[in-house]
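A quick write-up on the structure given underneath.
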Amino acid sequence: NAETSENPKDRVSGMLILIQRDAFKSTFNHGVFPQWVSMREKIVHGRDVRLLLLHHREEQASLNLVRLKSKSIQSKFMQENFPEFCSSKDFGTQTKFDWPCKTEGIFSEPSVFAAGIGARMTGLHFDWSFNDDLVTDEDRKSKLVRDSSFFKYSSSRFMLDTKSGKEVNTGTRYHINDLWGKLAGAI
C-alpha cells in the first residue's frame, strides 16, 4: 500500500492532469475535488484539512474560491446540516474561508486559501494544494518565464504538510520544457 509505505518514494503525493484549454480543468481542480476532499475527510475521518487553491493569477484563484463557496451554499447537504453557513453569503473573504464544521483551535490556517503562484505565504501550511494553470502561453516564449514558473512552484511545495501533503496539478502544456514537462518527467 503506497499510503502506508515507510519508503517516501512509494508514497503517492499528487497527480498531474494535462488537458487542452476550456476542458473544465478549473471546475474540477478548484471546485469539485476540493469540496469532496474537505467533506470526505470531515465526515469519514473526522479530520479538518487545510486546502490551498493556487493559480498563476491571484484574481483567478480568488474567483475560483468564491465559486467554491457559492456552490457549497447551494449544496443540499450543507443546507440541511449547516443552515447558518448557507444563509450568510458574507463568510470569509475573497481569498480565504472556513467550513462551518471546522474544529476551532486545531489549525491557524483557514479551511480554504486562494493565492497566486508567487504570493508570500510564509508560515502557512496545507494538507492539499490544488494547482491550476501554473503554466501559461508566456512559458512557450521564454526560458526565463519557464524557469520562474518552476522556481515558484518548487517554493510553494514547502507549504505542504511534510507527512501527508498532497497536490493536484491541472493545466495545459505550452512547451516541452515547461513546468508540466518537468513534473511529467519526474513522475
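The values are calculated or read from the model by the stated rules, or taken from the named source; none is laboratory data. In this text, all values refer to a predicted model and were calculated from it rather than measured experimentally. Neighbour counts are summed over all protein chains in view; Cβ atoms, including those assigned to glycine, are modelled from backbone coordinates with ideal geometry. We work out accessible area using only protein heavy atoms, side chains counted, and drop any ligands, DNA or RNA first. Shrake-Rupley method; radii C 1.70, N 1.55, O 1.52, S 1.80 Å.
Below, the figures for the structure above:
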{"read-out": "For region 125-187, Kirkwood radius (reciprocal of mean inverse C-alpha pair distance, Å)", "value": "12.1 Å"}
{"read-out": "Selection from 24, 116, 164 lying farthest towards where the dipole of the chain points positive, charges on Cβ", "value": "24"}
{"read-out": "Cα-centre dipole for the chain with unit charges at Cβ (Lys and Arg positive, Asp and Glu negative), debye to 20", "value": "340 debye"}
{"read-out": "Carbon + sulfur, % of accessible area of the chain - ligands and nucleic acids excluded, 1.4 Å", "value": "53 percent"}
{"read-out": "Computed E for residue 76/residue 120 - FRET, C-beta separation, R0 30 angstrom, nearest 0.05", "value": "0.20"}
{"read-out": "Partners for residue 42 among lysines (Cα-Cα distance below 30 Å; same-chain residues under 8 apart left out)", "value": "9, 25, 69, 71, 76, 89, 96, 102, 163, 166"}
{"read-out": "Volume in Å³ per residue [convex hull over Cα atoms, computed for the chain]", "value": "127 Å³"}
{"read-out": "D_trans [Stokes-Einstein, Kirkwood Rh over alpha-carbon pairs] for region 32-86, 10 °C, 1.306 mPa s, µm² s⁻¹", "value": "130 µm²/s"}
{"read-out": "From phi via Karplus (6.51, -1.76, 1.60), per-residue ³J(HN,Hα) for region 144-151 in Hz, x at Gly/Pro", "value": "4, 5, 4, 5, 5, 4, 5, 4"}
{"read-out": "Backbone HN-Hα couplings from phi across region 34-46 [Karplus 6.51/-1.76/1.60, Hz, Gly and Pro as x]", "value": "x, 5, 4, 4, 4, 5, 4, 4, 6, 6, 7, 10, x"}
{"read-out": "Stretchable slack from residue 87 to residue 162, in nm (0.36 nm times residue separation minus alpha-carbon distance)", "value": "23.3 nm"}
{"read-out": "For the chain, accessible area per residue (1.4 Å probe, heavy atoms of protein chains only), Å²", "value": "57 Å²"}
{"read-out": "Cα-projected label distance for residue 154 with residue 41, points at 7 Å along beta-carbon direction, nm", "value": "2.7 nm"}
{"read-out": "Helical mean residue ellipticity (222 nm; -39500 (n - 2.57) per DSSP H run of 4+; nearest 500) of the chain", "value": "-10500 deg cm²/dmol"}
